[in-house]
């Protein structure tokens, strides 16, 4: 594909040879002379001189003088990260299975499936299920009874949607994602054994949500667990019963939300965050990796640590932490000196 065609498709300004043939996209360290790479942060511009890439997506033009070594074609972009993602789509589209139902799939007679669906071998669709147009169910996907799913649904192998849950349009479930599994609810009897609490609620997944591999979004004990429009949930995440994941949230891997956690809009939870439940993380909050959240987080706040607190204070605290031993020794020495000064001269 000609570089000029890529520039036109992305709406980028081209600086360089428009007839250059580009065969694909790659990271800066691995790109070949026929591949496009990208630079998302101008402060790392010095790394461009070491790449073998034929062209680079940048947010602002790079100097081209020989001393700095930037003899590379450039596509000037307002958002190199986004345009690199769009460029990748010009060279790779995930294969879509042909429309139709595999003869080894099991589809209930009462199920209603829209146009242009592709349902793979050993997929199971239960009674009274409704699925919209253009659905793709890869092998071994299981849709329990009474589920409602919108258009353009994509479920990879071993994903499962439990009974009566609701899923919107353009939802993607990666391999092994479980929607609507039982919430973790038990009551202890007098003899110390556990009695299971029926989880009679559902899970609702709104439009344009993606849930990645081996993630579980539990059904509620009563009412619903809800993942709102545009949220993206990484692999190995646990969303407990009756939680609300807000619009356009990003939840990274190995995060756990205990029951009834409420997340506002545009919340970012980095990896391995633990949320204790029955609390609210308000709009636009950011929680750093491995933080423990035990109380509400105000809108727009950035927190870290376990227990988590304001990130600037946390940075000062972690900087001081390795010095605590030395500080304690110094304090003890000062205490001894002070005690010596306070002791009357000549006393034993």
*What number of residues within segment 14-41 satisfy the criterion of being loosely packed, with under 13 Cβ neighbours inside 10 Å and within 15 Å of residue 77 (Cβ to Cβ)?*
1
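Look at segment 20-36 and say how many of its residues are in contact with a strand residue (DSSP E or B) (Cβ under 7 Å, 6 or more places away or on another chain) and either more than 17 Å from residue 90 (Cα to Cα) or in contact (Cβ under 8 Å) with a residue 40 or more places away in the chain (or both). First the steps, then the outcome.
Here is the first cut: in segment 20-36, the ones in contact with a strand residue (DSSP E or B) (Cβ under 7 Å, 6 or more places away or on another chain) are 20-28, 31, 34-36.
Subset that is either more than 17 Å from residue 90 (Cα to Cα) or in contact (Cβ under 8 Å) with a residue 40 or more places away in the chain (or both): 20, 23-25, 28, 36.
Qualifying residue count for the region: 6.
For (1) surrounded by 19 or more Cβ atoms within 10 Å (Cβ to Cβ); (2) on the phi < 0 side of the Ramachandran plot; (3) touching a helix residue (DSSP H, G or I) at 6+ places or on another chain (Cβ under 6 Å); (4) not assigned by TED's automatic domain parsing to the domain that holds residue 288, each residue gets a yes or a no:
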site	(1), (2), (3), (4)
186	no, yes, no, no
192	no, no, no, no
209	yes, yes, no, no
227	yes, yes, no, no
*Taking residue 284 as the residue in question, decide whether it is at pLDDT 95 or above, touching a strand residue (DSSP E or B) at 6+ places or on another chain (Cβ under 7 Å) and over 20 Å from residue 184 (Cα atoms).*
no
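Just the residues that are over 23 Å from residue 7 (Cα atoms) and surrounded by 13 or more Cβ atoms within 10 Å (Cβ to Cβ), please, taken from segment 83-102.
Of the residues in segment 83-102, the ones over 23 Å from residue 7 (Cα atoms) are 95-102.
Passing the criteria: 97, 99, 101, 102.
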*Considering only segment 277-324, how many residues are assigned to a helix (DSSP H, G or I) and under 19 Å from residue 259 (Cα atoms)?*
0
*Just give me the residues in segment 153-169 being touching a strand residue (DSSP E or B) at 6+ places or on another chain (Cβ under 9 Å) and either at pLDDT below 95 or surrounded by fewer than 17 Cβ atoms within 10 Å (Cβ to Cβ) (or both), in sequence order.*
163
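Return the only residue of 34, 51 being assigned by TED's automatic domain parsing to the domain that holds residue 80 and modelled with pLDDT of 95 or more. Break it down into steps so the answer makes sense when it comes.
On the way: 51 fails: modelled with pLDDT of 95 or more.
Exactly one of 34, 51 is assigned by TED's automatic domain parsing to the domain that holds residue 80 and modelled with pLDDT of 95 or more, namely 34.
Restricting to segment 109-127, name every residue that is over 31 Å from the mean Cα position of the chain (by Cα), assigned to a loop (DSSP other than H, G, I, E, B) and loosely packed, with under 15 Cβ neighbours inside 10 Å. If you could, list the steps in order and put the result at the bottom.
Initially, segment 109-127 is screened for residues over 31 Å from the mean Cα position of the chain (by Cα), giving 109-112, 127.
Filter once more, so that each one left must be assigned to a loop (DSSP other than H, G, I, E, B): 109-111, 127.
If the condition is that a residue be over 31 Å from the mean Cα position of the chain (by Cα), assigned to a loop (DSSP other than H, G, I, E, B) and loosely packed, with under 15 Cβ neighbours inside 10 Å, then 109, 110, 127 are the ones that fit.
The values are calculated or read from the model by the stated rules, or taken from the named source; none is laboratory data. Quick caveat, the model's predicted, so the values are computed rather than measured. No Cβ is skipped: glycine too gets one built from the backbone with ideal geometry, and neighbour counts run over all protein chains shown.
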